[in-house]
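Derivation of every value follows stated rules applied to the coordinates shown; laboratory data play no part. None of the values given here were measured: they were computed from a predicted structure. Neighbour counts are summed over all protein chains in view; Cβ atoms, including those assigned to glycine, are modelled from backbone coordinates with ideal geometry.
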Amino acid sequence: MAQMNMVQAINSALDVMLGRDPRVVVFGEDVGYFGGVFRCTDGLQRKYGEHRVLDTPIAEGGIVAAAIGMGVNGLRPVAEIQFADYIYPAFDQIVSELARLRYRTAGDFSAPVTIRTPCGGGIRGGQTHSQSPEGVFTHVCGLKVVMPSNPYDAKGLLISSIEDEDPVVFFEPKRIYNGPFDGDPHKPAVPWSTHPKGEVPEGHYAIPIGKAEIVRAGQDVTLLTYGTMVHVAEAAVQLTGIDAEIIDVRTMVPLDVDTLCTSVCRTGRCVIVHEATRFSGFGAELSASVQEECFWHLEAPIARVTGWDTPYPHAFEWDYFPGPARIAAALRGVMEAR
Amino acid sequence: MTQSRLHVPHPPARPGEKPDFSYLEIPPAGREPRPDTLASALEIEQLGTGMVRVLDEHGQAVGPWNPHLEPEELQVALRHMLLTRRFDERMQRMQRQGRISFYMKSTGEEAVAVAQAMALQPGDMLFPSYRTQGLFIVRGKSLVDLMCQCLSNTRDMCRGRQMPIMYHWAEGNIFSISGNLATQFPQAVGWAMAAAIKGEDRIASSWIGEGASAEADFHHALTFAAVYQAPVILNVVNNQWAISSFQGFAGGERRTFAQRGPGYGIPGVRVDGNDFLAVHAVTRWAAERARARGGPTLIEHVTYRAAAHSTSDDPSRYRPKEEWQSWPLGDPITRLKEHLIGLGEWSEERHAALEKELEAHVTACWKEAVTYGTLSEGPTLDPVSMFEDVFHDMPAHLKRQREALRRLLAEQHAAAAEG
């Protein structure tokens, strides 16, 4: 076991896969020589050569299109979109092409592409470096959508994504690249070495796509969340003293409905937390799924804590960010409901 | 005081007006030089403004681009083009009779797909667009298979998931056609990049209409192809019309489409798209260049969309009815036929016999295709198959939905049996 932050864990996953599978190619803006603006591909071009790890033009649509063509020609492309905020020029290639290629050709063509992209706020990135667009992609048939919350999961899930026969959009919450974040920006940064999930095996291992994880067992209420908010939720639970069961959804598509709903049916209460905006956000799908499966067990209306339905505002970041206080209020609210 | 004024392009003629193709400069056949296949893009910039033509007005092959093909090969080409046209005509009629939902003819543009497929190697990967059905015909995909796709029947290669003409053929190295337009262009470049990464001698070729060249995907394709010197041939089929928008709406008033190539450092070659020999020669040149690590080539095929955009379109509302008759580059089938007759390798009698043979072939294929079902008559595909191939392995939520549809269909079936 080694101590790794999330950047190192992602780098290690790419390293392992480049080493194991000659079909794997890694590319994106600033990914090659420089090693990525977040350093996730640091050293990989030196190790595997510029035919396996390469820089691309600043053209997200071109990056994804090229990845599709490479995938059709037998490679396993891992494309980086530098910020999730920049993914929209590639939207048509992802939605109309990548996601539906297997379907529209009845299985004769497919492209096992992984798209890695840093997402989320808390870094003073304003509206063009802070978005959480996962819900835009969960609505697309044919894509798998993954968001890890720690280094151990990041490596295991990224390896599974690269090995998957289907296209995967792999969101990396950039606020927790270097350490878990409890939602209080005024506290000193905490490194991953203080967290058990900062222990990461050096070699190959896979975490199955489609499995949620119970990160805190509890009896009173189920809190469904993913990404950075797993850690913020833990802080909120501590703040309230409520015995909440926290589930890290980890994979949005396919969704581990069984784990989620088994918990809610037992606790009878559910709070859903994500950084993304509320209206038609992924929390709406979670809420509907829980309601369909757990309606007769619910003791209180399902609550959602999310980013406000505004663009991500630069100066008001911490009023926008769904921090521990808002989550705590929601937890208390569902506990008080009759 | 000066004021700016928005320029909104107008085609030279609208319905009721006299067709006018004076905007097209057509040099005599044989004029353009044939440069070395590894010449630099800038050195050969004039190929983007001129027009490579081999067949002259007497049907003779002239000049340095003459590919000197054997008469037997030209007879095969004529057969492929004629078969494409007969197939198109039959499918159009079947759409009018309500047997298929939609169709798109390639009339007048048959030389582009047929000559290019014949000039490339079978292992080369083709990324088609609309009106490139000739690619499938040259590579030997059976008409029955193409018809079954249009019929969405039990033998449909797309298993009922796509509109007619959205063919693909993995074994024949032909990618899937996308209704989104232009998306295949940068995908072909990615495929070619992978071929180069793997060190193969296969190349990619893709087709796009001049109208869709306005999409960002076109720019992405040319940028990536130039940056990585990908072994790919990028074809703009300039058939003058994108539904009702003439080529000026894609920027054709300012520059030729071939001229976009040198801006990226890619050779741009403009070719008479209705001249089978010229298209074949230019394609072979570009393929040799790509295989010799010379990188990509942009080819503009100057042709004319003689048919409507699709069966849902009525071109008499936006262009003169007799435009096709005035098209200065003629009909590609007639031109190749006259060339062969001039060589003493063809005759009106043989042509008539071939037409008859192909017509009978198309009829036989259609008769067979409908035995596998039509949209309105069985046998039909099982609707629950719609849940397959969304993912490699079906996830739980799709299995649940498949079960729900299965139950619903069983109930409907039971009700119908009772009623």
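Which one, A:His274, A:His139, A:His186, has the greatest fluctuation when you compute a Gaussian network model over chain A with C-alpha springs under 10 angstrom?
A:His186
Angle between the Cα long axis of helix A:229-240 and the longest principal axis of chain A, 0 to 90 degrees, nearest 10?
20 degrees
Could you pull out every residue, at least 5 positions away or on a different chain, whose amide H is within less than 5 Å of the one on A:Arg304? Hs are placed 1.01 Å off N in the peptide plane, and Pro or chain starts have none.
A:Ile272
Report, in degrees rounded to the nearest 10, the 0 to 90 angle that the Cα long axis of helix B:184-198 makes with the longest principal axis of chain B.
80 degrees
Give the dimensionless ratio obtained when the Cα radius of gyration of the stretch B:280-419 is divided by 2.2 N^0.38 Å.
So the Cα radius of gyration is 1.79 times the expected 2.2 N^0.38 Å.
List the residues, sorted by chain then number, that are 5 or more residues from B:Asp382 or on another chain and whose placed amide H is less than 5 Å from its amide H.
HN-HN under 5 Å from B:Asp382: empty list.
What does DSSP give for the protein assembly as shown in terms of the percent of beta bridges that are antiparallel, rounded to the nearest 5?
DSSP beta bridges in the protein assembly as shown are roughly 15 percent antiparallel.
Tell me which residues come under 5 Å, amide H to amide H, from A:Arg216 once H is placed; ignore anything under 5 positions away on its chain.
Amide H neighbours of A:Arg216, under 5 Å, 5+ apart: A:Ile246.
Once you compute Rg and the Kirkwood Rh from C-alpha atoms, what is the Rg to Rh ratio for the stretch A:213-336?
For the stretch A:213-336, the value is 0.94.
Given that compact globular proteins tend to follow 2.2 N^0.38 Å, what is the ratio of the alpha-carbon Rg of the stretch B:1-159 to that value?
Expressed relative to 2.2 N^0.38 Å, the Cα Rg reads 1.37.
Within the stretch B:27-44, which residues have the backbone N less than 12 Å from the label spot 7 Å out from B:His7 along Cα→beta-carbon, could you tell me?
none
In straight Cα distance, which lysines are under 21 Å from B:Lys321, not counting same-chain residues fewer than 8 positions off?
B:Lys18, B:Lys105
In 10 Å bins starting at 0, how do the alpha-carbon pair distances of the stretch B:45-371 split up by percent?
The calculated distribution, bin by bin, is 6, 28, 36, 24, 6, 0.
Just report the Cα centroid separation between the stretch A:195-273 and the stretch B:203-275, whole Å.
Answer, in whole Å: 51.
In whole Å, what three semi-axes, largest first, describe the equivalent ellipsoid of chain A built from its Cα gyration tensor (square root of 5 times each eigenvalue)?
The equivalent ellipsoid of chain A has semi-axes of 33, 22, 18 Å.
Please compute the alpha carbon radius of gyration of the stretch A:46-178, then divide it by the globular-protein estimate 2.2 N^0.38 Å. Two decimals is fine.
1.02
Only loop residues by DSSP count here, and only those with at most 16 other Cβ atoms within 10 Å; note down the chymotrypsin sites (Phe, Trp or Tyr not before Pro) in the stretch B:1-109 that meet that.
Within the stretch B:1-109, the qualifying chymotrypsin sites (Phe, Trp or Tyr not before Pro) (loop, at most 16 other Cβ atoms within 10 Å) are B:Phe21, B:Tyr23, B:Phe102.
HN-Hα J couplings of the stretch B:58-70 from phi, Karplus 6.51/-1.76/1.60, θ = phi - 60°, integer Hz, Gly and Pro as x?
Each residue of the stretch B:58-70 in turn: 9, x, 9, 8, 9, x, x, 8, 4, x, 6, 7, 5 Hz.
Other chains' Cβ within 10 Å of A:54-65 residues: what's the mean?
Other-chain Cβ atoms within 10 Å of each residue's Cβ, averaged: 6.
Write down, largest first, the equivalent ellipsoid semi-axes of the protein assembly as shown in whole Å, where each equals the square root of 5 times an eigenvalue of the alpha-carbon gyration tensor.
Semi-axis lengths for the protein assembly as shown are 54, 30, 23 Å.
List the lysines whose Cα lies under 20 Å from the Cα of A:Lys197, skipping any in the same chain that are fewer than 8 positions away.
A:Lys155, A:Lys174, A:Lys211
If each residue of separation counts as 0.36 nm, what is the full-extension length gain between B:Ser40 and B:Glu89 once their alpha-carbon separation is subtracted?
Full extension from B:Ser40 to B:Glu89 adds 13.4 nm.
Using only Cα atoms, find the angle between the long axis of helix B:110-119 and the longest principal axis of chain B, and express it within 0 to 90 degrees, rounded to the nearest 10.
80 degrees
Mind checking which lysines have their Cα closer than 26 Å to the Cα of B:Lys198? Skip sequence neighbours fewer than 8 apart in that chain.
A:Lys47
Starting from the stretch B:245-317, pick out the trypsin sites (Lys or Arg not before Pro) whose DSSP state is loop and whose Cβ has at most 15 other Cβ atoms within 10 Å.
Filter output for the stretch B:245-317: B:Arg254, B:Arg255, B:Arg293.
When chain A is treated as a GNM, springs tying every alpha-carbon pair under 10 Å, which of A:Val190, A:Val24, A:Val290 comes out with the largest mean-square fluctuation?
A:Val190
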